[in-house]
Each structure stands twice: as structure tokens, then as C-alpha cells.
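Working notes for the structure below.
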Protein chains: 2
Amino acid sequence: MPPIEHLASIPDETLILPPDVSATALREALNQLAKIVGSNNVQVHTKESMKPDDEGHYYNLPKEHDLFYILEKDTFLASGLVAPGSTEEVSQIVKLANKYLVPLWPVSIGRNLGYGGSAPRLRGSIVLDLGARMNKVLDVSVRDCTCLLEPGVSYFALHDYLQKNGFKNLWIDNPDLGGGSVVGNALDRGAGYTPYGEHFSMHCGMEVVLPTGEVMRTGMGSLPGSNTWQTFQYGYGPYPDGIFTQSNYGIVTKMGFWLMPDPGGYQSYLFTFQNDSDLPAIVESVRILRIGMVIQNSPTIRNTLLDAATYGPKSDYTTSEKPLQDSEIDEIANKIKVGRWSLYGAMYGPKPMRDLQWETIKATFMKIPGAKYEFAQPVAEGEKMSVLQMRDETLRGLPNTYELGWLNWTSPRGSLLGFSPISPASGFDANKQYQMVLKRFQEFGFDYLGTFIVGWRELHHIVCLTFDKTNPSERKRAHRCIEALIDDAAAEGYGEYRTHLCYMDQLASAYSWGNGASLKFNEQLKDSLDPNGILAPGKSGVWPARLRGRGFELKRSTERKSESTMIAKNQPSNRRSISSHLKL
Amino acid sequence: MPPIEHLASIPDETLILPPDVSATALREALNQLAKIVGSNNVQVHTKESMKPDDEGHYYNLPKEHDLFYILEKDTFLASGLVAPGSTEEVSQIVKLANKYLVPLWPVSIGRNLGYGGSAPRLRGSIVLDLGARMNKVLDVSVRDCTCLLEPGVSYFALHDYLQKNGFKNLWIDNPDLGGGSVVGNALDRGAGYTPYGEHFSMHCGMEVVLPTGEVMRTGMGSLPGSNTWQTFQYGYGPYPDGIFTQSNYGIVTKMGFWLMPDPGGYQSYLFTFQNDSDLPAIVESVRILRIGMVIQNSPTIRNTLLDAATYGPKSDYTTSEKPLQDSEIDEIANKIKVGRWSLYGAMYGPKPMRDLQWETIKATFMKIPGAKYEFAQPVAEGEKMSVLQMRDETLRGLPNTYELGWLNWTSPRGSLLGFSPISPASGFDANKQYQMVLKRFQEFGFDYLGTFIVGWRELHHIVCLTFDKTNPSERKRAHRCIEALIDDAAAEGYGEYRTHLCYMDQLASAYSWGNGASLKFNEQLKDSLDPNGILAPGKSGVWPARLRGRGFELKRSTERKSESTMIAKNQPSNRRSISSHLKL
């Protein structure tokens, strides 16, 4: 990535121009940005400056394109990057973007893995890298058990901060990977696994730079001198925080969170279930105990291969390159001592409390024939960690990266494409969803790796499609597979709660009740708040008036649809023919 | 209230015209409304048709003005009323309102007592009485423990419905009075007392008629055929529900809620504390146990006189007409066997669980010298109910109207003006707030009736100013008192979470961080979503462009401020002189 000093030497034709912006304007904008943030904090990107694939490791993320690109590597390519150091700088950058019509794509840290990483939806956007310099824990209250964070604070960093600054009594709640941004995850409505796992519910107060550069604080933060910005969510009048999630209406520069005080005790547990067909009974039980306040958090119901992949690649288990079948999966389950479904959960509180919970939890799940349970043991010296030992950490808010393991299931350059439909937390729906995905995965030649999670009341089905991004045919199959699944799901009343960049338009058009009332409403807000359409155009399928209907939407074409149906029907495992037939 | 048939016989000069609307236009609009909903469901109001005060009982609420009027009775007077029977009719009404520029003031049931009842903020608005005909429980899921309601479903009605239709396992959560709308309360971000007490948090999914007449569903409701509208709150993309609370951006015609399944056991309790000065220690303890997940709900910390007023009027206790002093309050506390502060709480779950909780709860509060505790006993035949017995019902989701009792503390035509600041849940802040209010109440001649409630993390201070609405002097003192308190509170960083119609502008201007960024943002949304400014103008201080700056705002004038300070300083108890000096 050439630093901004080299901008003059870069030929016009290699610049990644956003719509309506000339090379001259882009150069001028980048130079002006450098004046705001310092030239060290601006980058210019070209196709040539993209990182080679073998550098594309999680610890050295590219910020100009999607690490796990599913379309072409340069489809969602940024024209540059700017890293502000303060809210005031963000505001100035936004005003400048309005002047030059340069679209900005804000990322907190940019680890939205499986959904696009830090890549912009609209090619040529400048990545607004908030986290690089705005990464401070601004406040922690041990009295109120709250914190106020900048976007660059990762789960690792927050945990470290609390440990090192006398706040050991405060737990955090992290998702499966600890390197992401606490703010960014909550803004994308992500989740973790302690009783504070639903991250948006547990946020309290925002500072937002609006698309015109105005700075606003929400909730009690809009009262000068307020002492409850991080304790009371709402404030007075319309409560806007939700419209700044999964959206392009504002840039969140500070965000408050509630933290769980040490619950006075903790115990994780694992139930393993022998049969693929046990899924409905498990889900029914989790729902009842979860809504009944016996289970205090969101346990995960993982299938065999997700655990297997955490331990090692497919080649450790089999020479087969085809999707594994029942008997093969049974064999693996036996080998690694997990179930066809494994329930990883935890109890929070003093032992006498947990004993009472455990009585009910154990009695409930042990009713399922063949069920077994165990508790996590300390990791012995030199021993490989079990998935239970890994989950034991995650479930108590110790950030980690264990789950990166399964990315490499079929390839050392393994990539992830997330598919995350929501359904009722019923056995019937869990099974229907599972079968639906299994069928498509078999058709398109992928192993099913997935997990079911009961949130407050709903079932999150997290399907982890792993693929080799350096294999164009595999990328295309992966793309078609998820495209088909989004339609499959919608036809049954299931909708994803988030999606990869390349499906944002398809998914937005699936949420079409009332003649597309929701998308129209979102567009109306967009046009009012961002009249020049500079902030994250296309995010969640919401395009600004200036760019709407100009062909930037990635909708699923009828042609594509019939083509993919045809392929799915006739040639489920012929990779070569799909690769040669499909154009992305 | 003359039915619409008499419209022709009503002289122009008695019609209550909204701004920019001629008598002819209003007549035409009312006649057109009758065509949409049927003439039985439209009313026209005049000053003459206002209900006399002695009819202004809670069970027979006026819908054309505030039952508990604090300014003049006709200040917030509606020009008419329309009662739609369906979302489609609401949509047609809204389109018509746009045509005639007639403002609509939607109410669910209209029992926003203490904050304006069903009266419109802008004189001449037509009350959109949603609840009168749209009052069905549309769906209950015993599997998911959810329901879908129309705005007219009261807490009483929901409870009855569940009891009579085989859903006895599902509890509801009601605020202090059971006659209000479940939907309306949640939209105003009200609260109750079970673990599901924070009503907006516990809602799931809305149907909204936008100010242009478009109909939208939020969350998963925007996916056609969705089966998770009432189980997953967010859907995909920007999450808008919050901007339809305390707002004038849309009319909620259906709303989903989560219901708590029978927790398997229940026990309410009362701790009484002898000393006025015990408040800080109580609040500190509640916060720690609440955030520590030992206390599962929001207990109330009530002062002596609130309990006393629940039992009977002031004249039952004393002949004094002045604000009661410490020794007098002590005497009353002894007489009715409550504390200077009384903590009413409950535990939810099977007995062994509750026993563990109780151990901690008891040990904590009994540390405060002089503390006592008791459990509710069954009400004996012919015996008067104790406040503990009343709270025992409220805390387990049995709707009731016991708390109406204290309205009549000083007058049989007692009225209520609510003042509800939010503060940190600390002993220091609780005491500071209490002293702040006490001082003003003494100055303006009122007894302090109040309660402190710890929500998720914040402290709600609910101050119940009771006054005799038929006494103009008393109304004026009440008005000035709260006006002063809003400023007092803001100066210390405390802000109210809701307020009466007559303080909406004052309070909105207190939330002024960043040069009024929040109000500007709200106005921008308003202008985009409601270009003609027909929906609830002035609600929460948000005026549409058409009506902004034309003198409809009720801001606190400097003149008034100095006047009130002068009076407060010099003549704290001289009612007559205040009455003759103040003009409203």
C-alpha cells in the first residue's frame, strides 16, 4: 500500500475511482485528508497494491479488500484509507467527503470475518479506519459496572485493560474471536455467550458523527453534564440508537457498555448427543430452560464437524474430498469424543445456586437417549486443549482465537462465508433448517459445519461455509450455494440477521413486507440524513438517492437463479462445469 | 361531546381550530373521517363540550383534554376524536390529515396520567383514539411465551385473556395502574415490577403507520411469512423501533411482547427502615444486589407519605394543611406500620432458589440499623389491604388500581403531576435528588410523595405531586414547582425520562448537548417522515417545520424563571400572593 506521498507517482488508470469522482478529485480529497489526519494516516490503494493471498492471514488483515473474498478479490476494493485520531477529525473527514462525493466505509477494527471483513460494499470507497488510532478505554465505572469505549478497543484489549487497572471484578462478553472490536460487533448486532451475550441490548449510550459532520450523543449523553450516559439507555424523546446499527446513518465514535460483575462462581458443561436426529429434542429443551430462566446464557449446539475442524483439517480424518456422509461423521465423533451434536453451556453464580440449576439442566438433557455430560478439566501440561476447554474460556468472557482453527477444514488458505438465518427456537424449525442447509451443501459439495444458538427466544443458526478462496471454482460454488439458501430460507419465513457484502441487496429485497416498506423507509432516512450519499453506500442494501438504481446493487438475477437451479439439479459435484458456466 | 351529526349546528367560533386550518376545512375533514370510520366513531369537541370536573374520574376519562389539567383546562384541547377500526383505516385517516393539514394525536387508551392523559400537545389536534376499537389480543404463543397486541389492550384485558384462554402459565408485567394500554405504556417507555419490568426491552416487533400513510412492519415482521416476528427483535439492517417511542414519527397499530412464564414460585417482601437518612444505604444495597443478579426485578423504595396516602387522605392523619415535617411523618409511619422508607420487592423462582436469594437479601438490608422485614399474609376477610398486600399483587403481574388512592391526598378531586428524573443508582445521588425535591416542595407548599426504583442500572426517582386541579392557585404552584425542578435537576446532570405535555419543550431544550444536536436530529427525521407536520406536533418537544418557531413551544421564559425564584425565596407558603402574581 503506497503511502500518500507516492500519490503523485501513481497513474490515473490504476486509481480505484468511486462513482462520480474523477482521478483529480480523488487525489485532491486524499491530499486534503492528509492535512486533517497527517500523511502517515492516509493510504491510497490500487489493484497492484492488494496484498498477496499468502499474506492474508487473520493477524495481518488487509484493509483494502475482503480477506475472505468470495467474488473477485478486487470487487469490493477500497480506493484508500484514512485513520482519524478523534471525533473532531471524523467530523472534518465527513465534511470533506461531502465536498468531493467520496464515499466513506467506516470500520471499527475491520474483523467482520465471513461477512466482508473491512472491505467496502461500494468499490472505490475510502475505508475510514476508526480503530487504528481511536482505541482507548475512555471510562470504566466499578460502581455502575459500565465502560465507555472507542471503536478500536478489541475484546482482548478490554479484557487486558480491566485486568491491569484494578477492575478484575468486571467480566466482559466476547464472541468466538477476541480480536474484533467491541463497538463494531455490537453495531453489527453480534453476540457472545455469557448472560450479557446480546451485545446491542447491553450497550448504553453512543456518540455519533452524522453524515453531514454534526456530532450527536444519544440517550442521557444528550444532557450536558449527565452522570447516567452509561447507565440509562434511553434519555428523553425518540430513542435513535437502533438506527445506527447495521446501517449507514452515522459513524459511532464512542459507545458505552454494561459489564457483568463476577457472578460469584462459574461452571461450564458439555452434553454430547449420539444421533443426528437428536437435534429437535435438544433445541426444545434449551428453549424451555432458556425462557424459563434456568439457563442464563446462550449455549451452543455444535455439529460434529465444527468440533472436528477446530482440532484439525479434514485430511486428518479422511482422504475423501466429498462431503462426508453419516457413517463417516459418526466415526469422527467417536474418534474425537464429541456428539453428533454437542451442547456447550455454562452456569453463573455461587455453587449452591448452580447446584440447583444443574439438577434441572442435567435431568432435562439426560432424558435424551444416549446423552452424556462432562465438565471442563484444567488443561494438563503439554496436552492439546479440548473444545470444551476452549468453550469454557469463551463462556466466561476470556477472549481467544481458538475457533480460527476450523477455517482450514479443507484448505490451508481456508476462508469463511457466514450464513445466519433466524428461526423459532423449536425442534421442528431447527431440523427443517438443518435439512435445508444440508441438502444445498451436499448439492454444492460442502461439508456442513454449523451451530445452533438460542438467544433471548429465537434460534440463531450459524452456518460456517469454509472454502478455498484461491480456487475460483470453489468460490463460485460457495457463492451460489449461499445465494440459493437465502432464497430457500425466505420461502420458509426465515431471514438472516446479517450477511456478507455480496448478499446485502438480495437479503434486503427478501425483507419485502408491505411492498418493500422497510427498505423504502430506510432509503427515506438515508436521503434525509445523508443527502450526498457519502456514508457506506449499499450497507445492508440501503443505497443513497445519488447511487440508487445505477447498477451498483447486486441482486440475484432470474437468469442466475435458473442457472444455479439447473446446476444444482444436474451436476451437484461437477466443480469444473460450474466454474466454466458461471460468471459473477 | 356532540356526535358528528351535530357538526352543522355548531357555530364556527366554538370549534377548536388547529393552526392553518379553517372552520370549513375542519368540518370537511371531520365529515370525511366519518366516511372512513362511520359517523359513530367521530366526535367534534368545543369548549362547551368539555366534561365538567366532577365527571373527570379515572374510570370515565375525558379524551378531549387532560383529566389532571395543570395549565387551563382548555389549553391542550382537542378539536375532535376519531376511532379507527383497523390499520387500513388508520392509514386512510393519516392520508386525509395530510390533505387538510389537521394534526392527529394518537393515543392507545389515553391513560398517560400525570403526563397529560389523552390530551394533545397542540390545541385543535384530533385525538386518534386507537384503543377504542382496536383492542384485540391478536396472538399468544405458549411455546415462545409471546403475544401480539392492538393498542387498546389494557393490562386488565391481557391478564383476563390469558386466564380465560388456557395461558395461565404466562404472567404479564403491569405498572402501578392496570387500566392503561400495554402498547401505549411501552411506547412511552414505562416500566413495571417483575423481571420483565422494562417494557420497551421486552417488546418484539411493531406494525407502524407512517405519517404519509404507508404501513411498515419492523424486525422480522418485514420478512413476508416470517415466523419470528415476536421472538427476534431486530431483523436485518437499521433497527428502527426506538424512534417510534416517545415520538411522533409513526402510529403503532400492532406490537409484540415477551411474556414471562410462571417462574415456579414467588415471594414478595417488605423491608422497613426507620430513618429518613437511611435512603443512601438502601439505594447502595439495591444497586449492588440488582446488578449482581440477586434481585431479579425493580423493587420500589417508597417514602412514608406515599404509603400513607394509599390508605387515606391527609385529613385522616392531621389537621395541618402545611407540608408535613419530620416528627409528623415519623408519627404517621408508626401509626401505619411502614418505614420512613419502605422497600417492596419480590423473588421469582422455586423455593430452594428463593431461599438462597433471601439469605443474601435479608443479610444485606438487615445490616441497616432499625430495619425490619415481613412477608405478605393473605388478606383476611373484611380486613383492609396493606400496601404490602397491594404490592404483592403488582409485583406478580396482577393488574390493579390500588395506587389511585394516593391521588386524593389533599383533595377529593386530587390530580397528579409526574416528575421523573433519572440518576445514578448511588446513595449520594438518591439523597441529593431527594433533598432537591424536598426543598422545592416545601417552598411551593407540597408534601413529598415519592418512590425510588432501580432499573437495569439507573435510579428512577418518581415524584408524585398531587394537587387540587379545581384550585387555580394550587395548579399554578404545582406548575412552577416542577418547572423549577426540571432546571434544578438539569443543572446537576439529571434528566427526566418523560414529562407532562406542558414541559415537553422545556425538557427537550435541557437535552442540549452539542448545540442541541439531538433535537436538531429529531427535527430532521420529523421533516423527512412527516413533511406536512400532521402527526402529534410538539410531542417530546419535536415540532414539524410547518409549526416550528411560530410560538407553539412552551419554553420557560426568563421572566417566569426570575419571578418563580423570587417567590420561592420570599414567600414559600403564601398561596394567595402566588396565585395573584403568576400568569400562565
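Residues are listed down the side, and each one gets a yes or a no for (1) touching a residue at least 60 places away in the same chain (Cβ under 8 Å); (2) of a type outside the set (S, T, N, Q); (3) touching a Pro at 6+ places or on another chain (Cβ under 9 Å):
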position	(1), (2), (3)
A:GLN246	yes, no, yes
A:GLY250	yes, yes, yes
A:LYS254	yes, yes, yes
A:MET260	yes, yes, yes
A:GLY265	yes, yes, yes
A:LEU270	yes, yes, no
A:PRO280	yes, yes, no
A:VAL283	yes, yes, no
A:VAL286	yes, yes, yes
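The residues of region B:125-143 that are surrounded by fewer than 23 Cβ atoms within 10 Å (Cβ to Cβ) and either out of contact with any helix residue (DSSP H, G or I) (no Cβ under 6 Å at 6 or more places or on another chain) or touching a residue at least 60 places away in the same chain (Cβ under 8 Å) (or both), listed by number, are B:ALA132, B:ARG133, B:ASN135, B:LYS136, B:LEU138, B:ASP139, B:VAL140, B:SER141, B:VAL142, B:ARG143. Of the residues A:THR410, A:THR401, the single one that is surrounded by fewer than 17 Cβ atoms within 10 Å (Cβ to Cβ) and either under 30 Å from A:SER473 (Cβ atoms) or not assigned by TED's automatic domain parsing to the domain that holds A:ARG480 (or both) is A:THR401. Residues in region A:525-559 that are modelled with pLDDT under 50, open to solvent by less than 50 Å² (accessible area, probe 1.4 Å) and not small (Gly, Ala, Ser): there are none.
For region B:251-278, taking the residues that are among the small types (Gly, Ala, Ser) and open to solvent by less than 10 Å² (accessible area, probe 1.4 Å), the one that is nearest to the other protein chains (Cβ to nearest Cβ) is identified as B:GLY256. Does A:ASP160 count as free of Cβ contacts under 8 Å to residues at least 40 places away in the same chain and among the acidic types (Asp, Glu)? Considered against the rule, which asks whether it is free of Cβ contacts under 8 Å to residues at least 40 places away in the same chain and among the acidic types (Asp, Glu), A:ASP160 comes out as yes. Screening the candidates B:GLY197, B:GLY219 for the property of being buried (at least 22 other Cβ atoms within 10 Å of the Cβ), more than 9 Å from every other protein chain (Cβ to nearest Cβ) and on the phi > 0 side of the Ramachandran plot yields one hit, B:GLY219.
For region B:445-483, the set of residues classified as buried (at least 22 other Cβ atoms within 10 Å of the Cβ) and closer than 20 Å to B:ALA510 by Cβ consists of B:GLU458, B:LEU459, B:HIS461, B:VAL463, B:LEU465, B:ALA478, B:HIS479, B:ARG480, B:CYS481, B:ILE482, listed by residue number. Residues in region B:500-516 that are facing chain A (nearest Cβ under 9 Å) and either under 20 Å from the mean Cα position of the chain (by Cα) or closer than 21 Å to B:GLY114 by Cα (or both): B:MET504, B:LEU507, B:ALA508, B:ALA510, B:TYR511. Within region A:496-520, the set of residues being touching an Asp or Glu at 6+ places or on another chain (Cβ under 8 Å), in a helix (DSSP H, G or I) and farther than 18 Å from A:HIS65 by Cβ comprises A:ASP505, A:GLN506, A:LEU507, A:ALA510, A:GLY514, A:ALA517, A:LYS520.
Of the residues contained in region B:361-380, one or more are found to be without any contact (Cβ under 8 Å) to a residue 12 or more places away in the chain, within 14 Å of chain A (Cβ to nearest Cβ) and on the phi < 0 side of the Ramachandran plot. Take the conditions (1) more than 22 Å from A:THR253 (Cα to Cα); (2) open to solvent by less than 10 Å² (accessible area, probe 1.4 Å); (3) touching a Pro at 6+ places or on another chain (Cβ under 7 Å); A:SER49 misses just one of them, which is (2).
The residues of region A:323-333 that are in a loop (DSSP other than H, G, I, E, B) and either within 30 Å of B:ASN169 (Cβ to Cβ) or out of contact with any Gly (no Cβ under 7 Å at 6 or more places or on another chain) (or both), listed by number, are A:LEU324, A:GLN325. Within region B:1-24, the set of residues being open to solvent by 20 Å² or more (accessible area, probe 1.4 Å) and among the small types (Gly, Ala, Ser) comprises B:ALA8, B:SER9, B:SER22. Comparison of B:ALA536, B:ALA508, B:ALA490, B:ALA478 shows that the only residue that is more than 16 Å from B:GLN433 (Cβ to Cβ), without any contact (Cβ under 8 Å) to a residue 60 or more places away in the chain and of a type outside the set (Phe, Trp, Tyr) is B:ALA508. Checked against (1) among the hydroxyl-bearing types (Ser, Thr, Tyr); (2) within 11 Å of another protein chain (Cβ to nearest Cβ); (3) surrounded by fewer than 24 Cβ atoms within 10 Å (Cβ to Cβ), A:SER226 passes all but condition (3).
For region A:231-246, the candidate set comprises residues that are of a type in the set (Gly, Ala, Ser) and surrounded by 24 or more Cβ atoms within 10 Å (Cβ to Cβ); within that set, the residue that is nearest to the other protein chains (Cβ to nearest Cβ) is A:GLY237.
Matching residues to (1) among the β-branched types (Val, Ile, Thr); (2) in contact with a Pro (Cβ under 8 Å, 6 or more places away or on another chain):
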{"residue": "A:CYS204", "(1), (2)": "no, no"}
{"residue": "A:VAL209", "(1), (2)": "yes, no"}
{"residue": "A:VAL215", "(1), (2)": "yes, no"}
{"residue": "A:GLY219", "(1), (2)": "no, no"}
{"residue": "A:PRO224", "(1), (2)": "no, no"}
{"residue": "A:TYR239", "(1), (2)": "no, no"}
{"residue": "A:ILE291", "(1), (2)": "yes, yes"}
{"residue": "A:SER298", "(1), (2)": "no, no"}
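Annotation for region A:297-311: at least one member residue is outside the structural domain of A:ASN185 (by TED's automatic domain parsing), aromatic (Phe, Trp, Tyr) and surrounded by fewer than 20 Cβ atoms within 10 Å (Cβ to Cβ). Against the numbered list (1) buried (at least 18 other Cβ atoms within 10 Å of the Cβ); (2) of a type outside the set (Val, Ile, Thr); (3) in a loop (DSSP other than H, G, I, E, B); (4) at pLDDT below 95, A:SER564 comes up short only at (3). Restricting attention to region A:413-444 and to residues that are small (Gly, Ala, Ser) and either away from chain B (no Cβ under 14 Å) or open to solvent by 10 Å² or more (accessible area, probe 1.4 Å) (or both), the residue that is farthest from A:GLY117 (Cα to Cα) turns out to be A:GLY414.
The values are calculated or read from the model by the stated rules, or taken from the named source; none is laboratory data. A quick note: this is a predicted structure, and the numbers were derived from the prediction, not measured. Glycine gets a Cβ as well: all are built from the backbone with ideal geometry, and neighbour counts include every protein chain shown. The area values use the complete protein model at the heavy-atom level, side chains included, leaving out ligands, DNA and RNA. Shrake-Rupley method; radii C 1.70, N 1.55, O 1.52, S 1.80 Å.
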